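These notes are about the structure you will find just below.
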Amino acid sequence: MIHPFKELRKLFPTLTNTIHLSSCSQSAISLTVKDAIDSYLQSWTEKGMDWEGWMKEVQNAKNEFARLINADSDEIAVLSSVSDAASSFASALTFSTGRNKVVTTDIDFPCVGHVWLSHERRNAKVTFLPPEEDSTIQFQSYERAIDSNTVVTSIPHVSYYNGFKQDLKQLSYLAHSKGSYLFVDAYQSAGSVVIDVKDSDVDALVAGAQKFLLGIPGIAFMYIKRELANSLQSLTTGWFSRQNPFAFTNQILDYANGTRRFDTGTPPMINAFAARAGISLLNNIGVESIESYLKHLSSICIEAAQKHQLEIASPLDLDQKGSNTALRIKSASKLEAYLKSQGIIVAARNDVLRIAPHFYNTEDEVIKAVEAIAHALITK
Ligand SMILES: Cc1ncc(COP(=O)(O)O)c(C=O)c1O
């Protein structure tokens, strides 16, 4: 297949001397994002302070994230990590007896589980759905677990471990049929898989900028459906949660309308410059075409891994996986370090090595990485 985004590779200078396949952890730096970060530093240097310009860029970043997931801008809050965003959402829920069950999974990134467990002291009862042998969760497990006592069902869209992808529309329908909200951690899907919060009808969705969104850590976005947001009050708050942050009245806590009430303190401005640039690049390319190319790279990766008899921990059905193809390897971290010394960047987690391409990667890079892994396993 001819690389549909070949021309865009020149935006990523590091690709000339490294094979960068770790978008499930940190994507490659683009000139677009670098220029955006530089423009923050330049405005600071030249103007001393540019509050209006910096805040405008935070709003622009929200707008781009909203466009990415088909939300409205006033349905997006900006926080500093997925952990923060999940904590803030969880703190706004009530765990009253009779409606205090949290259904989550053992394939979630642990920070999400930690957040729900911290609410056990507020009467939450947390159920973790165990994965099947192939590290997936079957829809029937959700059907069995979600009941009329469930206040929230909390799932990853795509698993950080093996890229297993879940059907948000089907799960939101099930959750809502029992009166439960659906909270989605989309950190491993945003930017690489099409997300439409209106069509899938999820209640809340979070993602940070460091992975497929092409940005840097320190910023995360949280979507909450407008009507739901207006009915919630987070226990973590700040002056940017207020109707008018500049009212400077200590004794009035009037939450802003919409999801902006989940903003807290001064936003992560330089991170927003990077996030805006990264997400707008993705929006301009179109995530639909990115997703379809990444499916193709998945098939190339699976084929190469099978040829070298490597154990694949990801689903083989391309409709059930995101970009990440995980290979089961005992000393994955050691191998990650060795490959890095050879200019190949992949990402280890426990017993898997994850190959997670983005639109800028080529078939050849994926095949070379798999061959290097197979070769290292024989010779090391
Ligand atoms: C799916 C997923 N959720 C959450 C996190 C952690 O996010 P944060 O560090 O922003 O809290 C990660 C990090 O790898 C992740 O892959």
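Net charge near Ala348: determine it from the other residues with C-beta under 12 Å of the C-beta of Ala348, scoring Lys and Arg +1 and Asp and Glu -1. Kindly include the intermediate steps, with their values, before the conclusion.
Details: positive: Arg328, Lys330, Lys334, Lys340, Arg349, Arg354; negative: Glu336, Asp351.
Value of the local net charge: +4.
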For Ser154, the residues 5 or more places away or on another chain with a placed amide H closer than 5 Å to its own amide H are Val103, Thr104, Phe183
How far apart, in nanometres, would the label points at Arg122 and Ser96 be if each is projected 7 angstrom from Cα along the Cα-to-Cβ direction? 1.5
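Mean residue ellipticity at 222 nm from the helices of the chain, using -39,500 (n - 2.57) per DSSP H segment of n ≥ 4 over the full residue count, to the nearest 500 deg cm²/dmol?
For the chain, the value works out to -12000 deg cm²/dmol.
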What residue among Phe212, Phe221, Phe240 has the largest mean-square fluctuation in a Gaussian network model of the chain, using Cα springs under 10 Å? Phe240
To the nearest 0.05, what FRET efficiency results for Gln140 and Asn350 with a Förster distance of 22 Å applied to their C-beta separation? 0.25
State the percentage of accessible surface on segment 199-315 attributable to carbon and sulfur atoms; use a 1.4 Å probe and exclude ligands, DNA and RNA. 48
Shape category assigned to the chain from the gyration tensor of Cα positions, a/c cut at 1.5: oblate
Nearest 20 debye, what's the magnitude of the dipole of segment 1-118 about its Cα centre given +1 on Lys and Arg Cβ and -1 on Asp and Glu Cβ? 340
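Where does each of 254-265, 320-331 land if you order them by average Cβ count within 10 Å, highest first?
On the way: 254-265: 19.9, 320-331: 23.7.
Descending packing order for the listed peptides: 320-331, 254-265.
Hey, what did segment 34-283 get for relative contact order, percent, Cα under 8 Å, at least 6 apart? Could the numbers behind the result be given before it?
Numbers: 486 pairs, mean separation 67.7, N = 250.
Relative contact order for segment 34-283 comes out at 27 percent.
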Take Leu31, project a point 7 Å from its Cα along the Cβ direction, then tell me which residues of segment 5-19 have their backbone nitrogen under 12 Å from it. 8-14
Just grab the label-to-label distance for Arg328 and Trp44, each label 7 Å out from Cα along the Cβ direction, in nm (one decimal). 4.7
Partner lysines whose C-alpha sits under 20 Å from that of Lys225, ignoring same-chain residues fewer than 8 away, are Lys62, Lys169, Lys178, Lys198
Using Cα springs under 10 Å in a Gaussian network model of the chain, which residue among Thr45, Thr127, Thr236 shows the largest mean-square fluctuation? Thr45
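What FRET efficiency do you get for Leu235 and Asn70 if R0 is 25 Å and r is their Cβ-Cβ distance, rounded to the nearest 0.05?
Values: r = 29 Å, r/R0 = 1.16.
Once rounded, the FRET efficiency stands at 0.30.
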Mind listing the phi-derived Karplus ³J(HN,Hα) values for segment 200-209, rounded to whole Hz, using 6.51, -1.76 and 1.60 with θ = phi - 60°, and x for any glycine or proline? 7, 6, 6, 8, 8, 8, 10, 7, x, 9
In terms of the Cα gyration tensor, with a ≥ b ≥ c the square roots of its eigenvalues, is segment 66-145 rounded because a/c is under 1.5, prolate because a/b exceeds b/c, or oblate? oblate
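Rolling a 1.4 Å sphere over the protein heavy atoms, what is the accessible area per residue of segment 34-283, to the nearest Å²?
40
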Under unit Cβ charges (Lys, Arg +1; Asp, Glu -1), what dipole magnitude, rounded to 20 debye, does segment 34-283 have relative to its Cα centre? 520
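The values are calculated or read from the model by the stated rules, or taken from the named source; none is laboratory data. Small disclaimer: the values here were computed from a predicted structure and weren't measured. Every residue, glycine as well, gets a Cβ built from its backbone with ideal geometry; the counts of neighbours run over all protein chains shown. For the accessible areas, the whole protein counts, side chains as well, though only heavy atoms, and no ligand, DNA or RNA atoms are used. Shrake-Rupley method; radii C 1.70, N 1.55, O 1.52, S 1.80 Å.
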